[in-house]
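Participant: One structure, as structure tokens, below. Some questions next.
The values are calculated or read from the model by the stated rules, or taken from the named source; none is laboratory data. The structure displayed is predicted, hence computed values, not measured ones. Counting neighbours? That spans all protein chains shown, and the Cβs are built from the backbone with ideal geometry, glycine included. Remember, those area values only see protein heavy atoms, side chains included, never the ligands or the DNA or RNA. Shrake-Rupley method; radii C 1.70, N 1.55, O 1.52, S 1.80 Å.
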Amino acid sequence: MLRDAVLVAGKDLRIEIRSRVGLNQIGPFAIAVLLLFGLALGPDRRVLAPASAGLFWVAVLLSTLLAVQRSYAIESADAARDGLRLSGLDPAGIFLGKASAVAAQLLVLEAGLTVGVTLLYGAHLSGALVLVAACAAGTLGLAAVGTLYGVVASGLRTRETLLPLLFLPVVAPVLLAATKAWDAALAGTPSHAGGWLDVLVVFAVLYIAIGTVAFGPLLEDG
Amino acid sequence: MAPAVRLHEAVALAGRFPLLAGASLEVGEGEVVHLRGPNGAGKTSVLKVLAGLLAVHSGEATVLGRDLVADRRAVRREIGMLGHQSFLYEELTVEENLRFAVRANRGVVTGIRPVLEQFGFAGRLASIPVGRCSAGQQRRASLAVLVARGARLWLLDEPHAGLDQDGRDLLDELLTGARAAGRTVVFASHELERAEAIADRVVHLAGGRVVEPPEPTGASDSPAPSAQAARQTISGPAVPVTEDPAHVA
């Protein structure tokens, strides 16, 4: 399973690096979201800075949708999805590989967004360990949920509109917990983030487990 | 010896529409079978069922000794399929696609270089992203994947389509070689002359079932089944044709 996961993740990342969709579209999209939030809330950094954690994670959530849709778009060209089914790969390995590739892209994006909230919103970075831990656990959860619901939506003609409807309500706990953890870290009280980090870890583990079991039947029936 | 492929009264659905409506078919190990029939007859559906891409709603389906009704993924490492589409990743090179397919199938990639050369991807051509290849080259790349995976059962849907004359000749050689190597091949093709020169047997499909071959009318736009053809009945295995002059092409 892990061998297959590495193979699939390598394939997806190689395709993304070559196509540059992440660099040319998803990254600029996320920055545009940050800018639009800034415009909506006004230039006052006393307003923007306290909101920066929530705005950061909303931008991450919306970007996850694009990354997941892209992850399945590469399987839809030339019926590559059928090719993947025929490949003999362990479905759990495919799930873990695709989720890992999405997570890797999101982590790079989050690094850029962190710079963005610092420059645009005036957020003062502190509690680096908590920030990184929240990003790691939150991103794994988002990637797992996105990959799981992405395979459901990818088999349907309404995939572009269905995926947000499936994905966004489910990841509300990630938005809440990650925002609270970041808020605590940015406020200089990282010790208050412990419970929220636990929520993120439990969520990630839960959806990785569900995805590992459920991905195969969903891939076949999609 | 158990057949490589056995369908018995197999029904496959798309929603509530029957793609296969009780198809019965047996293919022996090492046999090359040509599926023939008009558009919508169920040729592609038979191939998809045998590949495990399409679920069997009722009836029986066994491929290489594995029950596809119980687990349609079980057989996939031993089959190779060529569909209407390439099943390849456009952003990856031909060689990368081959490496991925072989590794996914637990194979060793050291043997892919001769396969690439066999299909005309020597040197820098192997490093071209598939999306930049012509349709014929993509078809060759798909065939190269099929060969490199070393599958026991080949399922080919219109394999001649999109290939130039050299490519078609190469495909025919490939199929002849596959038969000599004891591989089982089931293929659908409208290239009747080429198909019947390669096939051990012709199976006729219509309305999602295996049917008797149509009587030649002379006005038909398709040639009569060859003397090699065998009759298929819906409920039973192949019954060899007696030397009926009416069926000799």
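Participant: Taking the convex hull of the Cα atoms, report for the protein assembly as shown its projected area averaged over all directions, in nm². Don't jump to the answer; show the numbers that get you there.
Facilitator: Values: hull surface 99.7 nm².
Average projection, Cα convex hull of the protein assembly as shown: 24.9 nm².
Participant: Angle, helix A:91-121 long axis vs. longest principal axis of chain A, Cα atoms, 0 to 90°, nearest 10?
Facilitator: 20
Participant: Can I ask one more? Note down the net charge around residue B:119, summing +1 for each Lys or Arg and -1 for each Asp or Glu among other residues with Cβ under 10 Å from its Cβ. The partial results should precede the final answer.
Facilitator: Values: positive: B:139, B:140; negative: B:117.
Residues near residue B:119 contribute +1 overall.
Participant: Taking 1 over the mean of 1/r across every pair of different Cα atoms in chain B, what Kirkwood radius in Å do you get? Could you put the intermediate results ahead of the total?
Facilitator: Numbers: mean 1/r = 0.0538 Å⁻¹.
Evaluated on chain B, it is 18.6 Å.
Participant: Also, I was wondering about something else. Using the alpha-carbon centroid of each, what span in Å lies between the stretch A:1-71 and the stretch B:36-51?
Facilitator: 43
Participant: Also, I was wondering about something else. For a Förster distance of 51 Å, can you work out the FRET efficiency between the beta-carbons of residue B:173 and residue A:189, rounded to the nearest 0.05? Show your work: numbers first, answer last.
Facilitator: Working: r = 73 Å, r/R0 = 1.44.
Calculated value: 0.10.
Participant: Going by a 1.4 Å probe on protein heavy atoms, which residues of the stretch A:49-83 end up with at least 50 Å² less accessible surface in the whole assembly than in their chain alone?
Facilitator: Relative to the lone chain, where solvent access is computed with a 1.4 Å probe, the stretch A:49-83 loses at least 50 Å² at A:78.
Participant: Just name one of A:61, A:201, B:154: the one whose Cα is farthest towards the positive end of the charge dipole of the protein assembly as shown (beta-carbon charges, Lys/Arg +1, Asp/Glu -1).
Facilitator: Among A:61, A:201, B:154, the one farthest towards the positive end of the dipole of the protein assembly as shown is A:201.
Participant: Then there is this: With runs of 4+ DSSP H residues as the only contributors, calculate the mean residue ellipticity of chain B at 222 nm using -39,500 (n - 2.57) per run, divided by the residue total and rounded to the nearest 500.
Facilitator: -8000 deg cm²/dmol
Participant: Further question: On the accessible surface of the stretch A:105-222, probed at 1.4 Å, how many percent belong to carbon and sulfur atoms?
Facilitator: Details: 3950 of 5260 Å².
Answer for the stretch A:105-222 is 75 percent, counting heavy atoms of protein chains only.
Participant: Same structure again: Gaussian network model of chain A, Cα springs within a sub-10 Å range: biggest mean-square fluctuation belongs to which of A:31, A:17, A:208?
Facilitator: Judging by the Gaussian network model, the answer is A:17.
Participant: Mind jotting down the distance between the C-alpha centroids of the stretch A:172-209 and the stretch A:119-150, whole Å?
Facilitator: Rounded to whole Å, the Cα centres lie 9 Å apart.
Participant: In nm, give the distance between the simple-model label positions of residue A:118 and residue B:132, each being 7 Å from the Cα along the Cα-to-Cβ direction.
Facilitator: Computed distance between label sites residue A:118 and residue B:132 equals 3.8 nm.
Participant: Another question, if that's okay. Using only DSSP helix segments of four residues or longer, with each worth -39500 (n - 2.57), what per-residue ellipticity at 222 nm results for chain A after dividing by its residue count and rounding to 500? Walk me through the numbers on the way to the answer.
Facilitator: Values: 9 runs with 185 residues, N = 222.
Mean residue ellipticity, 222 nm, calculated: -29000 deg cm²/dmol.
Participant: Report, to the nearest 10°, how far helix B:94-104 tilts away from the longest principal axis of the Cα atoms in chain B, using its own Cα long axis and a range of 0 to 90°.
Facilitator: Helix B:94-104 and the main axis of chain B meet at about 70 degrees.
Participant: Mind checking the dipole of chain A: about its Cα centre, +1 per Lys or Arg Cβ, -1 per Asp or Glu Cβ, Debye to the nearest 20? All intermediate terms of the calculation are to be shown ahead of the outcome.
Facilitator: Values: 14 positive and 14 negative charges, 69 e Å.
Using Cβ point charges on Lys, Arg, Asp and Glu, chain A gives about 340 debye.
Participant: Interface B/A, total buried accessible area with a 1.4 Å probe, nearest 100 Å²? Numbers along the way, then the final one.
Facilitator: Working: alone 11830 and 10520 Å², together 19970 Å².
Protein heavy atoms only, the B-A interface buries about 2400 Å².
Participant: Taking the solvent-accessible surface of protein heavy atoms with a 1.4 Å probe, what is the per residue accessible area of chain A in Å²?
Facilitator: Per residue, chain A has an accessible area of 42 Å².
Participant: Expressed as a whole percentage, what fraction of the accessible surface of the stretch B:1-144 belongs to carbon and sulfur atoms when a 1.4 Å probe is rolled over the protein heavy atoms? Walk me through the numbers on the way to the answer.
Facilitator: Values: 3010 of 5970 Å².
Percent of accessible area from carbon and sulfur atoms in the stretch B:1-144: 50.
Participant: Based on the Cα atoms of the stretch A:2-221, what semi-axes does the equivalent ellipsoid have, where each is the square root of 5 times one gyration tensor eigenvalue, given in whole Å with the largest first?
Facilitator: Taking √(5λ) for each Cα gyration eigenvalue gives 31, 18, 14 Å.
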